[in-house]
Structures are given as C-alpha cells and as structure tokens.
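Asker: The following block contains the structure, expressed as structure tokens.
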Amino acid sequence: MNQRINISSGTKWEEIVGYSRAVRVGNIIEVAGTTAVDEKGEVVGLADPAEQTRFVLSKIEKALTSAGAGLKDVVRTRMFVTNIADWEAIGRVHGLYFKEIKPVATMVEVKALISPELLVEIEVTAILSESNT
C-alpha cells in the first residue's frame, strides 16, 4: 500500500477548510488550487494577472519540492481565471515555467474566486518517474 504524505503550507485556511497544500501518494502528487496570497494573508500582484501567476507558480514549485518533486514532474495544470481576456498574460507566464515541460493544461473562466482581488488560481498534478520514487 502506498503511503500518503500531506504537505501543509501552514495557512489558517487549511485547518478551517480541512485540506492540504499538496498530497503525495506513491509517485503521484496533487497540489491544491493555489492563489496569490502571501504568508501574511495579503494578495500579491493586485490587478496584475501575470504577477499573480508568477507568485502562484512559485508557491506551487515550493509545494512540489516539499513533496520530493519539481516542476519537471508536472503532467497537468488547471488554471481558473476570473477574466478570460487575461489568458495571454497568464499563459505567457505559464509558458515561462513550462515551456520545455509542456504539461497538458486547462484554462477556464470562473465567476469569482474566494477574494475579488484574486485573478487566477492554479492546481497541478505531478507524477514522479519510477527512478524518483
């Protein structure tokens, strides 16, 4: 049986809602929807979808590292955006992180995220190769 490892980022919401930043089971790592909120609870990159995307992807990279993985192991990204017109700004930053990796990707417009200042939320799935497990 594969061991389950829950990775926490220490935010108050994880305990309130009952979730983990990331969960690793065997060689599969799922990273929860991640937004541009820093350790102090403040939104980074107000009104700037590209800056929010950069911050989110750096948070995701830290979560993956905590789980023994990296961006190179990402096989899927899911991007939830509050304004699909921001697709190019968000997509360009996504491309900076994943240009060589090329995971499958989904971007959908949603009515709102948990805070009106948040413009993008991203979640990822990573799979470690057998040599990394």
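The values are calculated or read from the model by the stated rules, or taken from the named source; none is laboratory data. The structure presented is a predicted model; accordingly, all values stated were derived computationally and were not measured. Virtual Cβ from ideal backbone geometry, glycine too; neighbours counted across all protein chains shown.
Asker: Could you count how many residues in the range 1-29 are crowded, with 16+ Cβ neighbours inside 10 Å and part of a strand (DSSP E or B)?
Answerer: Summing the residues that are crowded, with 16+ Cβ neighbours inside 10 Å and part of a strand (DSSP E or B) in the range 1-29 gives 6.
Asker: Of the residues that make up the range 6-19, is at least one in contact (Cβ under 8 Å) with a residue 12 or more places away in the chain, in contact with a helix residue (DSSP H, G or I) (Cβ under 9 Å, 6 or more places away or on another chain), among the aliphatic types (A, V, I, L, M) and closer than 16 Å to Ala105 by Cα?
Answerer: Looking for residues that are in contact (Cβ under 8 Å) with a residue 12 or more places away in the chain, in contact with a helix residue (DSSP H, G or I) (Cβ under 9 Å, 6 or more places away or on another chain), among the aliphatic types (A, V, I, L, M) and closer than 16 Å to Ala105 by Cα, one finds none in the range 6-19, hence no.
Asker: Also, I was wondering about something else. From the list Val81, Val25, Val75, Val31, exactly one residue is in contact (Cβ under 8 Å) with a residue 60 or more places away in the chain and either in contact with a strand residue (DSSP E or B) (Cβ under 9 Å, 6 or more places away or on another chain) or more than 21 Å from Met107 (Cβ to Cβ) (or both). Which is it? Break it down stepwise before answering.
Answerer: Details: Val81 fails: in contact (Cβ under 8 Å) with a residue 60 or more places away in the chain; Val25 fails: in contact (Cβ under 8 Å) with a residue 60 or more places away in the chain; Val75 fails: in contact (Cβ under 8 Å) with a residue 60 or more places away in the chain.
Just a single option satisfies the conditions, and that option is Val31.
Asker: Applying the selection to the range 36-49, what residues are surrounded by fewer than 21 Cβ atoms within 10 Å (Cβ to Cβ) and assigned to a loop (DSSP other than H, G, I, E, B)?
Answerer: Asp38, Glu39, Lys40, Gly41, Glu42, Val44, Gly45, Leu46, Ala47, Asp48
Asker: Failed condition for Ala69, given (1) closer than 20 Å to Ile114 by Cβ; (2) in contact (Cβ under 8 Å) with a residue 40 or more places away in the chain, with all others met?
Answerer: It is condition (1) that Ala69 fails.
Asker: Tell me whether the range 50-67 contains one or more residues that are surrounded by fewer than 20 Cβ atoms within 10 Å (Cβ to Cβ), more than 15 Å from the chain's Cα centre (by Cα) and either at pLDDT 95 or above or on the phi > 0 side of the Ramachandran plot (or both).
Answerer: no
Asker: Looking only at residues that are of a type in the set (S, T, N, Q) and modelled with pLDDT of 95 or more in the range 76-133, which one is surrounded by the fewest Cβ atoms within 10 Å (Cβ to Cβ)?
Answerer: Narrowing the range 76-133 to residues of a type in the set (S, T, N, Q): 77, 82-83, 106, 115, 125, 129, 131-133.
Still in the list and also modelled with pLDDT of 95 or more: 77, 82-83, 106, 115, 125.
Working: Thr77: 23, Thr82: 17, Asn83: 13, Thr106: 10, Ser115: 12, Thr125: 16.
Selected residue: Thr106.
Asker: Okay, moving on. Being touching a Lys or Arg at 6+ places or on another chain (Cβ under 7 Å) and part of a helix (DSSP H, G or I), is that true of even one residue in the range 90-106?
Answerer: Yes, the conditions are met somewhere in the range 90-106.
Asker: Check Leu57, Leu118, Leu64 and return the single one that is part of a loop (DSSP other than H, G, I, E, B), closer than 26 Å to Lys12 by Cβ and touching a residue at least 40 places away in the same chain (Cβ under 8 Å). Step through it out loud before you land on a result.
Answerer: Details: Leu57 fails: part of a loop (DSSP other than H, G, I, E, B); Leu64 fails: part of a loop (DSSP other than H, G, I, E, B).
Every option except Leu118 fails the conditions.
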